[in-house]
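Please read the structure below before turning to the comments.
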Amino acid sequence: MLNTQNSDDQDKTGAALKAQRFQMLEDIAAELGGEVIFPTHFDAVLRLRKVLQDPNQSIAGIAAVVSLEPLISAKLLHLANSVALNPDGREVVDIKSAIARLGINTVRTAAMSIVMHQLLRAKGMAEFTEISRLLWDHSIQTAAAARIIARHMTKLNPDEAMLAGLIHDLGAFYMLYRATQYEELRHRPESVKYLIIQWHESIGVSLLNALGIPQEIVVATEDHDQMRTPPTPIRTLAEVIYVANMLAGGHFEWLMQDANERNPELLALREIYGHLQPEIDALAADMRNGIS
């Protein structure tokens, strides 16, 4: 009798979990049509908040910290390319140019508004602290790799590549935040990992489009976790992001759980571009310490 009751409870839990998975995906689809605000890495948000409160802070100082925060970077880029601030239709595709166009006061106002929303909502992310830190660390590593690859291996804009690398997994951050709003998912990080593995790329593309990110960057983030023959030479931003993502771990560790470290495509990629790793690691370390 006891065993039967336990089985029934497990079935109910499984059914409820499945229902909440579908509900979360449906809610995400609906929310992408409106305003999107969610917390990413709490330490980066606090650092940015402190910088923005300093009236003597330089544009360079603000840019250095803003560049570490994916959602704020995306929203400021969108604002800089809005009709009101870009009447000539000349898109900017990197944070430094966006801040130069907006001006320090507008950046402070817009970024502080986003920060406050994030700080108010960040408490609910406690159950996913480990996952969010791994994801943030992977995003920083990918951003650093993208900048170094673009600078040494292409004629592409390194700042644009760095931004694309930073926000390439913004969909996963967004899914983590949305998962905190569902009781059956909040205490089951493994189930949330499964959802992210399955959906983060497609949701990420929809999210970046909803945020108004330039199409060149959106396209560059598509299928970045799908292993393929290493591009040689690297010609496009999409190829930069693919190589950068794989050099940064091919997505953070738990998304590679089914990948073979002896995968021939991955081994070939590391053989071709692995010589850049020391410079990538140094830049990533500087970024983690808040140094531009």
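FYI, it's all coordinate maths here, none of it is from the lab. Computed from a prediction, not measured in an experiment: that's the story for all the values here. Note that we place each Cβ from the backbone using ideal geometry, even for glycine, and neighbour counts take in every protein chain shown.
Measuring max minus min along each principal axis, the C-alpha atoms of the stretch 72-134 give extents of 46, 22, 17 Å (largest first). If you bin all the Cα-Cα distances of the chain at 10 Å, starting from zero, the percentages per bin are 6, 28, 34, 21, 7, 2, 1, 0. Both radii are taken from the alpha-carbon atoms of the stretch 1-159; with Rh as the Kirkwood radius, Rg/Rh is 1.11.
In this structure, the residue pairs whose Cα-Cα separation is over 22 Å, taken from K18/K193; K50/K193; K75/K193; K96/K123, are K50/K193; K75/K193; K96/K123.
Put the Cα centre of the stretch 155-176 next to the Cα centre of the stretch 83-105 and the gap is 18 Å.
Work out which helices of the chain, taken as complete DSSP H runs, extend at least 24 Å along their axis over the Cα atoms and score a mean Kyte-Doolittle of -0.5 or more, then list them. Going by DSSP H runs, the hits are 104-121, 129-153, 189-210.
Dipole magnitude for the chain: about 820 debye, using +1 per Lys or Arg Cβ and -1 per Asp or Glu Cβ, origin at the Cα centre. In plain terms, the chain from Y194 to V219 could stretch by 6.6 nm, reckoned as 0.36 nm per residue minus the Cα-Cα distance. Compactness ratio for the stretch 121-191: Cα radius of gyration over 2.2 N^0.38 Å (N = residue count) comes to 1.37. Note on S206 and D281: their simple-model spin labels are 3.9 nm apart, each label 7 Å out from Cα toward Cβ. Stretching the chain fully between F22 and Q226 yields a gain of 71.0 nm (0.36 nm per residue, less the alpha carbon separation). Taking a ≥ b ≥ c as the square roots of the eigenvalues of the alpha carbon gyration tensor, the stretch 13-107 is oblate, as a/c is not under 1.5 and a/b does not beat b/c.
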